[in-house]
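Following: one structure in structure tokens, then a few remarks.
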Amino acid sequence: MQVSEEQVREALKSVRYPGFSRDIVSFGLVKSITIDGGEVKVQLALATNDPNVPATIKNDAEEVLRQIDGVKSAKVLIDIQAPPAGAGAGMAAATRIPGVKHVIAVASGKGGVGKSTVAANLAMAFQQKGARVGLCDCDIYGPSISLMFGSRERPMATEENKIIPIEQYHLKLMSMGFLLDDTSPAILRGPMVTRYTQQFLRQVEWGELDYLILDLPPGTGDIQLTIVQTVALSGAIIVTTPQEVALIDARKAATMFDKVNVPVLGLIENMSYFVSPSDNKRYDIFGNGGGEREAKRLRVPLLGQVPIDIATREAGDRGMPIVAEDPKSPVALEFSKVADRIDKALN
């Protein structure tokens, strides 16, 4: 019987990362699978300082592989790397947010690709499917979630000094935009940015949530490192446009998550195309097929191709994401499909 890569990958899903309930496949540790007759070789990559972790994974993985029909020998090779600076014990430093089932980071390598629009509408899409959802705007310098949800409320605090998130459209929201006036800049150095990020994640009374969506700033700086090193993420979503200049930076964002063993759930191609309202003709303003090619290169799903349209921009400016304002619009329907794909992957 010929052993398939799918069989090998499915077997590896039963191998848990020590100390976690998740498996090594969902953590993105499997880098390659080679099958030669009945001989199976698997290459893994870990970022840890604990020598017991790779030893345990190697033994567990080889044991489950030998149980596959047709496997004569199984060999697991592990590339062990040092965790990023300040990560301490690597993955063990990341902990769950109490009451939150899944934490999903929405990221991009560069600004201007519509990442906040994606985060806002994705959160609404989950909510409309009956999920309990929170949305945390982690872009401390350029917050936009308060505008996109049309709220100028100031957060209150409990007697235990926990921040009560703003509630809008049945979502729980937190953003620096709720704390600053429209014209007030956040003039902060790195340590203070890290502190605010931790407060938004740990000192907000999120309660019981199925999904907490994190709208990350562009790039791979202090905020991103703070999050991936301290919060147990269920996965990350990379937002890009079809043009090469955006795809280059999307690769950097994906590589960052790969290095800290956070699985990339997929790629969303935003501003994918424009359909003229006058003649229904499609225009590929930023190019064609870039997101699909990049998803294949990264070996992740292309979760969705979101068109660019005037209604989406106007809805965001009015303070109501298009998914809430017009659930039957093409953009809203695409976000609904994306939410279904993510939900299926995680649950």
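A dipole drawn for the stretch 267-347 from +1 and -1 charges on Cβ atoms has a positive end, and of Gly319, Leu298, Leu333 the residue lying farthest that way is Leu298. For the stretch 110-157, the share of alpha carbon pairs falling in successive 5 Å distance bins from zero is 5, 17, 26, 26, 16, 8, 1 percent. Only one residue of Asn49, Val228, Gly28 has its Cα farthest out toward the positive end of the dipole of the chain, where Lys and Arg carry +1 and Asp and Glu -1 on Cβ, and that residue is Asn49.
For Ser14 and Glu39, a Förster radius of 22 Å and the Cβ-Cβ distance give a FRET efficiency of 0.60, rounded to the nearest 0.05.
The magnitude of the dipole of the chain, with charges of +1 and -1 set on the Cβ of Lys/Arg and Asp/Glu and taken from the Cα centre, is near 500 debye. Our estimate of slack between Tyr141 and Arg251, defined as 0.36 nm per intervening residue step minus the Cα-Cα distance, is 37.3 nm. Take every Cα pair under 8 Å whose residues are at least 6 apart in sequence, average their separation, divide by the length of the chain, and the relative contact order is 18 percent. Accessible surface computed residue by residue for the chain, with neighbouring protein chains in place and a 1.4 Å probe, gives 47 Å² per residue.
Equivalent ellipsoid of the chain: semi-axes from √(5λ) of the C-alpha gyration tensor, largest first, are 36, 26, 17 Å. Comparing Glu160, Glu205, Glu334 in a Gaussian network model of the chain, where Cα atoms under 10 Å apart are tied by springs, the biggest mean-square fluctuation is seen for Glu160.
Derived from the Cα gyration tensor, the three semi-axes of the equivalent ellipsoid of the stretch 154-276 are 28, 18, 16 Å, largest first. Each helix, a run of at least 4 DSSP H residues, gives -39500 (n - 2.57); summed and divided by the residues of the chain, these come to -10000 deg cm²/dmol at 222 nm.
Largest mean-square fluctuation among Gly38, Gly287, Gly28, in a Gaussian network model of the chain whose springs join Cα atoms under 10 Å apart, belongs to Gly38. Looking at the stretch 125-166, the trypsin sites (Lys or Arg not before Pro) that sit in a DSSP loop and have at most 15 other Cβ atoms within 10 Å of their own Cβ are Lys129, Arg152, Lys162.
Overall, the accessible surface of the stretch 215-347 at a probe of 1.4 angstrom is composed of carbon and sulfur to the extent of 52 percent. Compared with the direct C-alpha span, the chain from Glu63 to Ala345 gains 99.0 nm at full extension, assuming 0.36 nm per residue.
With the charge dipole of the chain set up from +1 on Lys and Arg Cβ and -1 on Asp and Glu Cβ about the Cα centre, the Cα lying farthest toward the positive end among the listed residues Val245, Thr194, Val260 is that of Val260.
The values are calculated or read from the model by the stated rules, or taken from the named source; none is laboratory data. Values in this document were obtained by computation on a predicted structure and should not be read as measured data. Note that we place each Cβ from the backbone using ideal geometry, even for glycine, and neighbour counts take in every protein chain shown. We work out accessible area using only protein heavy atoms, side chains counted, and drop any ligands, DNA or RNA first. Shrake-Rupley method; radii C 1.70, N 1.55, O 1.52, S 1.80 Å.
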